[in-house]
Structures are given as C-alpha cells and as structure tokens.
1. Simple spin-label model, 7 Å along Cα-to-Cβ: CYS105 to ALA72 in nm?
2. With runs of 4+ DSSP H residues as the only contributors, calculate the mean residue ellipticity of the chain at 222 nm using -39,500 (n - 2.57) per run, divided by the residue total and rounded to the nearest 500.
3. Pull up all non-local amide H partners of GLY185: gap of 5 or more, or a different chain, and H-to-H distance under 5 Å with H placed in the peptide plane.
4. Which residue, MET396, MET333, MET305, has the most motion in a Gaussian network model of the chain that connects Cα atoms within less than 10 Å?
5. Is the chain best put as rounded, prolate or oblate by its Cα gyration tensor, with a ≥ b ≥ c the root eigenvalues, rounded for a/c under 1.5, and otherwise prolate when a/b is larger than b/c, oblate when not?
6. Per-residue HN-Hα couplings for region 348-357, Karplus 6.51 cos²θ - 1.76 cosθ + 1.60 at θ = phi - 60°, whole Hz, x for Gly and Pro?
7. Quick one: give the max-minus-min coordinate of the C-alpha atoms of region 272-328 along each principal axis, largest first, in Å.
8. Choose one answer from GLY199, GLY20, GLY126: the residue with the largest mean-square fluctuation in a GNM of the chain with alpha-carbon springs under 10 Å.
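The values are calculated or read from the model by the stated rules, or taken from the named source; none is laboratory data. Fair warning: this is a prediction, and the values are worked out from it, not measured in the lab. With ideal geometry, Cβ positions are generated from the backbone for all residues, glycine too; neighbour counts draw on all protein chains shown. Side chains are part of the model used for accessible areas, which takes the heavy atoms of the whole protein and leaves out ligands, DNA and RNA. Shrake-Rupley method; radii C 1.70, N 1.55, O 1.52, S 1.80 Å.
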Amino acid sequence: MVVGELTESTDLLVLGGGPGGYVAAFKAADLGIQTTIIDAAPILGGVCLREGCIPSKALLHVAHLVQHAAEAKDLGVSFGEPKIDLEKVRGWKQLPEALIPASCCIDSTAALELKDVPKRLAVIGGGYIGLELGQVYAGLGSKVTVIEALERIAAGADEDLVRPLAAKLKKQFEAIFTGAKIESGKPKNGGVELTFAAGGQTHKERYDKVLISVGRRPNSDNIGIEHTKCVVNARGFIEVDAQRRTADKKIFAIGDVAGDPMLAHKASREGIVAAEAIAGHAVAYDVRAVPGVVYTSPELAWCGMTEAEAKAAGVEYKVGKFPWGASGRAIAMGKPEGVTKIICDARSQRVIGVGIVGEHAGDLIAEAALAIEMGAEAEDLALTVHPHPSISETLMEAAEGVFGTAIHQAK
Ligand code: NAI
C-alpha cells in the first residue's frame, strides 16, 4: 500500500513504522524534513500496535474484568459464572489478521490470536509476556504453569516488589516453577509433553499448548546492514551514539535494534531525538528513568535504579517503603497488597529509583519518572501535597519513609 506520492528520492527514509519509527517520521515531517516511511505490514504501529502492547492490554482488560467480578464477592456483590464468547473477545482486541499459525508451540503473536483456550497451558519464561498472557489465559479458564529459568519471575524488578504479584499468581496459576530447565518436548495426545528439571526433580507434564516467552531478539536481519558501515554487536544490537547515530553517519537506529530496554516508549523518545538531530538540533538521548511495567493485576512498575542495581553498583542509598495496607484508598478498593518503594542517594537524598506493585502502578510510575528526571529529592515528593484519598499518596508516604516520618505507617 502506498500512501501519498511514491518517489525515488527522499530526504529521510524511516525503515519500520513501530512506536519508534512512526514517531520519528512524524517528528521529522513536523520539522520540515521530507520524509518517507516504509513498513512491511499493511498498517503502521509495529509489534506494539499489531501484536504486542495494545492487543495484549485489551485481553488483559477482559481477564481483569473476570477476576474483579470474582473478587467482588468479598465486597458483598456476587456475579454468576462468566460466560466467555471467544469470538467476541477476539473481536474486541482484533487488528488485521496476524500471520503466524498456532500449533502446540505458540509465541505471543499466536497467543494473542486467541484461537482457543487450552485446558492446560505451559508458559516458558516468567517475564513481561509470560506473566501478562499467563494471566489472560488463566482469566479465560486455562490452567497455567509458568516455567522460568531464573530463580524468580519478573527478575528485572526488586524481589520485595515481585512478592505480592507472585503470591497472587500462585493462586491463579496451576504452578510456577523457577530455576527450571526444559529438557525436552514431544507431541502427546494432541498436545505436548514437556520434560523439565526444577527444585531438584525431573517433571514430565502434558500441556495442550506451550507459550514461548523467553525474550526477544532485535530485528536487524535482512535489511542490508552488511552493506553499510553500521556496527552490530554480539547481541545483534546496532551501536549508536547519544543522538542515535550509527557508525554510518547517514544512518540512525532507534528502538529494539538500538539496545535494551526493548520498550515502545523508549523507542518513541529515541525517535524524537533522532529526528531532531537530523534536523540539526543539539539534542541527546539522556534518559535516567525508562519505566518498565508488567500489566498484570496487580501491576508491577519500576524506573531508575532498582535496589539490587544500587547495591551492585556500590551506591550508598536509603529506602522508603509504604505498604498499601496503610492506604485508605487501597483498602477501599480491596487492593491492600501493593507496595510503593523509593530508593534515594544517601548523601544527596536524590531519588534514584522507584518501584511500585499494585493496581495502576503503571500510571503511578510516571510521577516517579518525572521526579528522577528532575533530580528531585525524596523530600520534594514528601512535601508535595497529594490528593486524598488516592493511591498517589503512597509515593508521598514512601518518600516520608526515607526519613522515618511516614504518618500513616506504624513503625
Ligand atoms: P522478558 O525478557 O521479559 O522475559 C523472558 C523470561 O524468560 C526471563 O524471565 C528469562 O529468565 C526467561 N527465560 C529465558 N530463557 C529461558 C528458558 N530457556 N527457559 C525458561 N525461562 C527462560 O521477555 P518476554 O516476556 O519474552 O518479552 C519480550 C519483550 O517484549 C521484552 O523485552 C519486553 O520489553 C517486551 N514486552 C513489554 C511489555 C510491557 O511493556 N508491558 C509486554 C510484553 C512484552
């Protein structure tokens, strides 16, 4: 499909229309640069829009509705057993037909097609995709087992924040195996029999489907990079400078191909920097806090340094933590399991990292990202009047916790 005039020359060619590419192209056009964008797919938006962030959040919304309806019983409101019309649910999140056919082994793209709801689903990898889609399928009625190679799920976030999420998932999932190693998988009775080692034992289990969510590789193959001066490192990332310019001065790289974290919002920011650099502005990608959010229920969000990273880097730090059991709003919502945690530099008191687990953590983390980018001190958050009753107060209270003065928290 060609939109606009097809020309053989252009001032800026943007290859790939994901949240990095289309943002860069729009920005460049706004800056007066004649821009052409090319994408193999029929619509712009990339993995994020077509088979990633957006369709998965649409399905999570459905799974959370089912879960919230079940939990409403504790508040005195009972609903009947949910009747799930798979056709309609599929329609709710659908975008153009995705292309990868589902078999016993599916990836996140095939999982989002929602062809059926397997009775038993094995999820290999307990990261972003495994936990989010695991919760979607559990919500729709699958018995879900997560098999994770590391000693814990969501290993990018601090362990104390993952704990409330893990506790919830343990109730929703059939099993979670950590420190696990897949040994083999073979077809059995229309499904697959997985053999894996975990907890000092060998397990042999049959599943109807297996979702593989063990991380993504940057998609830098087959675009002719070898004919340029771009340098691709051992992990497949294209090396870039602070303006996202590659070793081939006329080529910029943004998004997943330019390095971790492979997140849409990081790609968009890089796209803007690259477009402005191309327009001759003195800009740099100088970001301290790219929020990571796992959109499970409860959500898990963090930005800046985790406590584990601060410890490993030898930073002298202080922590302020506020358990949501002391938040009136969280109690009123029936969601007291959350925790808000602030990590600040022990000497300067500057906030260097924030982690939140709980409902809407993915929205709350934006205030934390601003605090880190602005070089705010914990006291700045503590002295900012937050609306009451709101979950945002937990950031203020966690900041007060850095000084041991949180009023609503028993010592
Ligand atoms: P991930 O890196 O989040 O998680 C992969 C998990 O698989 C890790 O915990 C890893 O230890 C585990 N693993 C690796 N090899 C394994 C093996 N052989 N056996 C068992 N476990 C193994 O990657 P994921 O979940 O596949 O997501 C891919 C990308 O998509 C991520 O980089 C993320 O940035 C992006 N994404 C972001 C979302 C969000 O922002 N909410 C949602 C979904 C995806």
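1. Modelled inter-label distance: 4.2 nm.
2. Taken over the chain, the calculation gives -9500 deg cm²/dmol.
3. For GLY185, the qualifying residues are THR195.
4. Looking only at MET396, MET333, MET305, the largest GNM fluctuation is found for MET333.
5. The shape class here is oblate.
6. 7, 6, 5, 6, 10, x, 9, x, 9, 10
7. Computed over the Cα atoms, the extents are 51, 32, 19 Å.
8. Greatest mean-square fluctuation among the candidates belongs to GLY199.
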